[in-house]
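Presented below is the structure to which this report refers.
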Amino acid sequence: MAPLLFITPDRKFLYDGKKIKEVKKEKDVPQGSEIIFAKPMLVYDIEGINLSYLVENYGVVTVGELKLHELVQKLDWKDFILFVDHNRKTIRAFIRGGEELDLPYSSLDFLRYILAKFHSGILLESAEFEEIEMFSK
């Protein structure tokens, strides 16, 4: 797999198959990296409800092949990039250490509520180059 370079309006993140790092200089981008234009993912936070409450009450709800409590165990407090590709209708999580998860696109609305409660990770969704250019000015 080629390294993935996520370019947002204000930052760049590189996933090389094992590690996730913010890229500050162009020389730090490996040759052959796949460029992905992205923007911060829209999430919906509900005041008064924390992640523990959601896991305790909805932990057995399935998100693809995982139960919610399993998904939270894999992602919460870890270094990861979760990327929603609206063109391909896919959701992928790239986790430090090389683990990758595919989640069903149909779970996106539910995930927007759950991911708002996370204390870690980089949440991105696809954007067009023009969006990145407009927001970075």
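The values are calculated or read from the model by the stated rules, or taken from the named source; none is laboratory data. These numbers were taken from a predicted model, which means no experiment stands behind them. Quick reminder, even Gly has a Cβ in these numbers, built from the backbone with ideal geometry, and neighbours come from all protein chains shown. We work out accessible area using only protein heavy atoms, side chains counted, and drop any ligands, DNA or RNA first. Shrake-Rupley method; radii C 1.70, N 1.55, O 1.52, S 1.80 Å.
Cα centroid distance between segment 84-137 and segment 18-40, in Å?
What the calculation gives is 16 Å, centre to centre.
If DNA, RNA and ligands are ignored and the probe is 1.4 Å, what is the ranking of LEU75, LEU54 by accessible area, most exposed first?
Working: LEU75 0, LEU54 20 Å².
These residues rank, largest area first, as LEU54, LEU75.
With the cut-off at 25 Å, tell me which of the pairs LYS27/LYS89; LYS21/LYS78; LYS27/LYS78 have Cα atoms farther apart than that.
LYS27/LYS89; LYS27/LYS78
Mind checking which lysines have their C-alpha under 24 Å from LYS25, skipping anything on the same chain fewer than 8 residues away?
Cα-Cα hits under 24 Å: LYS12, LYS39, LYS137.
Which part of segment 54-80 falls in the paramagnetic zone of ARG11, meaning amide N under 15 Å from the point 7 Å along Cα-to-beta-carbon?
77-80
Two-decimal Rg/Rh of segment 13-82 from alpha-carbon positions, Kirkwood Rh? Don't jump to the answer; show the numbers that get you there.
Numbers: Rg = 16.3 Å, Rh = 15.1 Å.
My calculation of the ratio gives 1.08.
If amide H atoms are built 1.01 Å from N in the plane of the peptide, which residues on other chains or at least 5 residues away come under 5 Å of the amide H of PHE37?
ILE7, ALA127
Provide the net charge surrounding ALA38, with neighbours chosen by a C-beta distance below 14 Å and charges set as Lys +1, Arg +1, Asp -1, Glu -1.
Working: positive: ARG11, LYS12, LYS39, ARG88, ARG92; negative: ASP10, GLU22, GLU34, ASP85, GLU125, GLU128, GLU130, GLU131, GLU133.
My count for the surroundings of ALA38 gives -4.
Over the Cα atoms of the chain, compute the convex hull volume and normalise it per residue, giving Å³.
Working: hull volume 15.9 nm³, N = 137.
Cα convex hull per residue, to the nearest whole number: 116 Å³.
Regarding segment 1-51, what is the average projected area of its C-alpha convex hull, in nm²? If you can, show how the numbers build up before the last one.
Working: hull surface 20.4 nm².
That works out to 5.1 nm², a quarter of the Cα hull's surface.
Once a ≥ b ≥ c are taken as the square roots of the eigenvalues of the Cα gyration tensor of segment 67-108, is the result rounded (a/c under 1.5), prolate (a/b larger than b/c) or oblate (a/b not larger than b/c)?
Values: a/c = 2.47, a/b = 1.43, b/c = 1.73.
Cα axes put segment 67-108 in the oblate bin.
Which distance in nm do the two modelled labels at LYS27 and LYS74 give, with both placed 7 Å along the Cα-to-Cβ direction?
Placing both labels 7 Å along Cα→Cβ, they lie 3.8 nm apart.
Excluding LYS78 itself, what net charge comes from residues whose Cβ is under 11 Å from its Cβ, given Lys and Arg +1 and Asp and Glu -1? Let's see the in-between values first.
Details: positive: LYS74, ARG96; negative: ASP76, ASP79, GLU99.
Summing Lys/Arg as +1 and Asp/Glu as -1 gives -1.
Divide by every residue of the chain the summed helix terms, -39500 (n - 2.57) for each DSSP H run of at least 4, and state the resulting mean residue ellipticity at 222 nm, rounded to the nearest 500 deg cm²/dmol. Mind dumping the intermediate values first?
Numbers: 4 runs with 31 residues, N = 137.
Theoretical 222 nm ellipticity from helices: -6000 deg cm²/dmol.
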